[in-house]
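Undergrad: Questions regarding the structure given below will be posed in turn.
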């Protein structure tokens, strides 16, 4: 079996990306590179004092994620990348995967945007401060939330795609999804 694959876990805010990617990492025994965890470490180490500095830390987070992923590809390790990726990420990773003959498996978590917004607001008070450089309770935030997530829906990486509706977490059958992913891995 070829081990040259990346499982991309992408999707909308509050769709359960982190929980699902941790489940996959545990079940498959694969390295998980999680954008939020990297950013939290950077913020705790370097800090930030305003929104602009926080956005620079976000950029650094993406660069670290890319760097580690490419180094894994150089030595033939499979891995899981979890983030709210954008279209420039798709172009970057497509080029690197082609260079190292890697196969993408794309898991997209989505759901009813209104329900995801409510879920996001409920978890706001418990979020790490690295993700709170803006006021989620401002008048414009709800519009910003919906506008921002549209960009994340544009992450399109070639290869097999599994779309998971997480509107209701109790409807998500992790073991069935894992079986689909294992079948895709065995085709690599």
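Undergrad: Here are the criteria: (1) modelled with pLDDT of 90 or more; (2) within 24 Å of residue 141 (Cβ to Cβ); (3) in contact with a helix residue (DSSP H, G or I) (Cβ under 8 Å, 6 or more places away or on another chain); (4) loosely packed, with under 13 Cβ neighbours inside 10 Å. Tell me which single one residue 129 does not satisfy.
TA: Unmet condition: (1).
Undergrad: Working only within segment 131-151, note down all residues that are in a helix (DSSP H, G or I) and either over 26 Å from residue 96 (Cβ atoms) or in contact with a strand residue (DSSP E or B) (Cβ under 7 Å, 6 or more places away or on another chain) (or both).
TA: 131, 141, 142, 143, 144, 145, 146, 147
Undergrad: Here's a follow-up. State whether the residues of segment 43-54 include one that is in contact (Cβ under 8 Å) with a residue 24 or more places away in the chain and closer than 19 Å to residue 20 by Cα.
TA: Within segment 43-54, none of the residues are in contact (Cβ under 8 Å) with a residue 24 or more places away in the chain and closer than 19 Å to residue 20 by Cα.
Undergrad: Follow-up. For segment 135-149, name all the residues that are more than 14 Å from residue 118 (Cβ to Cβ) and surrounded by 12 or more Cβ atoms within 10 Å (Cβ to Cβ).
TA: Selection gives 144, 148.
Undergrad: Quick check on residue 69: is it farther than 27 Å from residue 172 by Cα, touching a residue at least 12 places away in the same chain (Cβ under 8 Å) and crowded, with 19+ Cβ neighbours inside 10 Å?
TA: Taking the combined requirement at face value, the residue satisfies it.
Undergrad: From 120, 155, which residue is under 21 Å from residue 34 (Cα atoms), touching a helix residue (DSSP H, G or I) at 6+ places or on another chain (Cβ under 6 Å) and surrounded by 13 or more Cβ atoms within 10 Å (Cβ to Cβ)?
TA: 155
The values are calculated or read from the model by the stated rules, or taken from the named source; none is laboratory data. Please read all numbers here as calculations on a predicted model, not as lab measurements. Neighbour counts run over all protein chains shown; Cβ positions are idealised from the backbone, glycine included.
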